[in-house]
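The block underneath contains the structure these notes are about, expressed in structure tokens.
The values are calculated or read from the model by the stated rules, or taken from the named source; none is laboratory data. Model, not experiment: these values are computed from the prediction. As a convention, Cβ positions derive from the backbone with ideal geometry for all residues, glycine included, and neighbour counts pool all protein chains shown. Heads up: the accessible areas ignore ligands, DNA and RNA and are worked out on the full protein's heavy atoms, side chains in. Shrake-Rupley method; radii C 1.70, N 1.55, O 1.52, S 1.80 Å.
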Amino acid sequence: MRKDVRILLVGEPKVGKTSLIMSLVSEEFPNVVPYRAEEITIPADVTPERVPTHIVDYSEAEQTDEQLYQEISKASVICIVYSVNDKKSTEKVTSHWIPLINERIDKDSRVPLILVGNKSDLVEHSSMETVLPIMNKYTEIETCVECSAKNLKNISELFYYAQKAVLHPTGPLYCPEQKEMRSACVQALTRIFKVSDLDNDGILNDYELTLFQRTCFNTPLAPQALEDVKNVVRKNLTDGVRDNGLTLKGFLFLHSLFIQRGRHETTWAVLRRFGYDDDLELHQDLLFSQLKIPPDCTTELNHNAYLFLQSVFDKHDKDRDCALSPEELMDLFDVFPYIPWGLDVNNTVCTNDQGWITYQGYLSQWTLTTYLDVQRCLEYLGYLGYSIIAEQESETSAITLTRDKKIDLQKKQTQRNVFRCNVFGGMGSGKSGFLQAFLGRNLMRQRTIREEHKSYYAISTAHVYGQEKYLLLHEVFADFDFLSETDLACDIVCLIYDVSNPCSFESCARIFKQYFLDSKTPCMLISAKSDLPETKQQYCMTPLEFCRKHKMPPPQSFTCNTAAAPSKDIFIKLTTMAMYPHARLRCMCTCNRCTFCLCQNFLNSELVQTVRTKIYTVIFSRHITHADLKSSTFWLRASIGATVCAVLGFAMYRALLRSR
């Protein structure tokens, strides 16, 4: 909504412009009329639309042409006043005033015009027959009002219509020549219908209509009123109501009826509630909400956002196969002005055997967009109507800003759910295969991917100690001699080399020494293509010796040349290291999920080591005498301590089994 309305009255001398303004203010016809009335401001609390209104008079006797041009450029709406008993003043509307106004108004801005026939008390007939052809010729004319400043006839209505022409203009909604709604209005209302159709069955049932009414007008719709609305549609459209619900055609017909009957403020209330501006474009504040992200913080979707996205998925998954077919995906994106996801998305997230994005892949792609480009994510949520359907203040309420990574390292715990792993390696080392293997695709399936559809990202979930986390893999293709901060910013580094290529490991060692030798970011070395014969690497030390020297985990063997989907154990380990970079966890096997590995990691964790050190300090700081060993109190304390340790150990064992 506009912050204020500026009404300018123009016309030939002595048509009653000043009298109209003074009659409105004093509620009586003035005995003495000056050449020009001073600018009047009507406060917001006394206007029907609750918007401050400025009324400006024009006098040819007191103002220059330049002053007139300035007032025209500042006006929100212009009232062209003519005298109904003066034919010459009526002719001047088309011969002088409308051309003059159109010349002085910017072509990109639309200023509505209102024709005002004053002095209706002096004639017995109406001038509407004369004015109607003018209204049909000039689409910028909103309406025509006949009034009388002397009898106070339609004075308040005149300025109400002027205000309404600014706040609820008819022009963008309706074409009077064709007597139908404009295409932009139909398109906007169609999107609103689809967003409001929560079950995507093509009709608005009673629940959806009541919710729509409450959303737009902050008041529920009575059952009888609901039936009356549907009965009106039934009488005029055969397919306007189906299964006792309002169809899209019926929804559009209702708004066309509102506009034709002069109730276009109802349609504008709906449009503005769903984020449309006066040009029927989605408002920039809705699509491009400003969100400041502090350094070393990341962006994630919160629980409410995931619930909303889940409802959107369920709404369009018509066959209930937990995947979106191309047709279902296009239906989902029908509320967007463009298709936001390209074909590379199918190779970024998990898909089913038919190549359709699964439910998990769908949420993963939203998680990826939020992490990499949160402004784009907010724009997408705006198109889907998140703030309206989820009843949130804005789209930014869907975003969680994570804590500074430095604080996570200090506290040795993290609240993040998305962890980024940058994948480095020489050409042909198997980076792309590694990313696709994370999505469950073996080598045979990877060969079917077209070059132009390849993706440098892969994201999916990994379960670490019973918690579901997102691991984002990014294949870095930049020149390794000039890596940017983006290439280096991650939670864990993955260095991949080809075991069958004797020159492959050297690039991994060079990258590590140049960029990550003194970094706190954990690194892991992957021996890719382990199904091929291993050759000796042409480097001063073996990969295993290199890892031992730099206190890295031993090289992890990996291959995607498998009959079934490749194992995800290595990805779970990467996620674990990203979650606990301070702990330097060591698995006794590669799964990092079995009870033995969990216990071993727990025993080797820093927490247990600290507790053990404190216990040793307490025990050995005392000088235990021979008398203490014979004391019953000493052995009682020892027995109680052993019992407590046993109970805690058994409880921990049961908890680990339950998580499995």
Exercise. Calculate for the chain the 222 nm mean residue ellipticity that helices alone would give, adding -39,500 (n - 2.57) per DSSP H run of length 4 or more and normalising by residue count, nearest 500 deg cm²/dmol.
Key: -12500 deg cm²/dmol
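Assuming a ≥ b ≥ c are the square roots of the Cα gyration tensor eigenvalues, decide whether segment 154-301 counts as rounded (a/c under 1.5), prolate (otherwise, with a/b larger than b/c) or oblate.
Values: a/c = 1.97, a/b = 1.23, b/c = 1.60.
Verdict is oblate for segment 154-301.
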Practice problem: Find the centroid of the Cα atoms in segment 25-61 and in segment 81-139, then give the distance between the two in whole Å. | Solution: 20
Quiz item: With every protein chain kept in the model, how would you rank Leu209, Leu237 by accessible area, 1.4 Å probe, largest at the top?
Solution: Leu237, Leu209
Quiz prompt | Rounded accessible area of Asp404 (nearest 10 Å², 1.4 Å probe) | solution = 40
Quiz prompt | Label point distance in nm, Asp518-Phe288, each placed 7 Å from Cα along Cα→Cβ | solution = 4.1
Quiz item: Given a 1.4 Å probe, how much area per residue of the chain is accessible, in Å²?
Solution: 52
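If we count every other residue with Cβ under 13 angstrom of Val335's Cβ, Lys/Arg +1 and Asp/Glu -1, where does the sum land?
Details: positive: Arg191, Lys194, Lys315; negative: Asp197, Asp331, Asp334, Glu379.
Its environment carries a net charge of -1.
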Exercise. For segment 30-167, just say rounded, prolate or oblate: build the C-alpha gyration tensor, square-root its eigenvalues into a ≥ b ≥ c, call rounded for a/c under 1.5, and beyond that prolate if a/b exceeds b/c, oblate if not.
Key: rounded
Self-check item: Semi-axes of the equivalent ellipsoid for segment 441-528, Cα gyration tensor, largest first, Å
Solution: 23, 20, 15
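Over the chain, with every protein chain in place, what whole percent of the accessible area is carbon and sulfur at 1.4 Å, could you tell me? Mind showing how you got there, number by number?
On the way: 18180 of 34170 Å².
Ligands and nucleic acids excluded, carbon and sulfur reach 53 percent.
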Quiz item: Rg/Rh for the chain: what does it come to with C-alpha atoms and Rh from Kirkwood?
Solution: 1.17
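Over the chain, what relative contact order in percent results from Cα pairs under 8 Å that are six or more residues apart? Intermediate values should be presented prior to the final figure.
Working: 976 pairs, mean separation 51.1, N = 660.
Relative contact order for the chain comes out at 8 percent.
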Quiz item: Residues with amide H under 5 Å of Glu180's amide H, sequence separation 5 or more or different chain, H placed in the peptide plane at 1.01 Å from N; which?
Solution: Cys175
Quiz item: Using modelled amide H (1.01 Å from N, peptide plane; none on Pro or chain starts), what sits under 5 Å from the amide H of Lys153, excluding residues fewer than 5 places away?
Solution: Ser148
Quiz item: Asp314: accessible area at probe 1.4 Å, nearest 10 Å²?
Solution: 70
Exercise. Please work out whether segment 1-103 counts as rounded, prolate or oblate from its C-alpha gyration tensor, where a ≥ b ≥ c are the square roots of the eigenvalues and a/c under 1.5 means rounded, while otherwise a/b larger than b/c means prolate and anything else oblate?
Key: oblate
Self-check item: Peptides ranked, highest mean first, by Cβ atoms within 10 Å: ranges 177-187, 565-575
Solution: 565-575, 177-187
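I'd like to verify something in the chain: which complete DSSP H helices, judged by Cα projection on the helix axis, reach 27 Å or more and average at least -0.5 on the Kyte-Doolittle scale?
Working: long enough: 632-659 (40 Å, 0.96).
Flagged H segments are 632-659.
Which value, in debye to the nearest 20, describes the size of the charge dipole of the chain about its Cα centre when Lys and Arg Cβ atoms bear +1, Asp and Glu Cβ atoms bear -1, and nothing else is charged?
Numbers: 73 positive and 80 negative charges, 842 e Å.
My answer is approximately 4040 debye.
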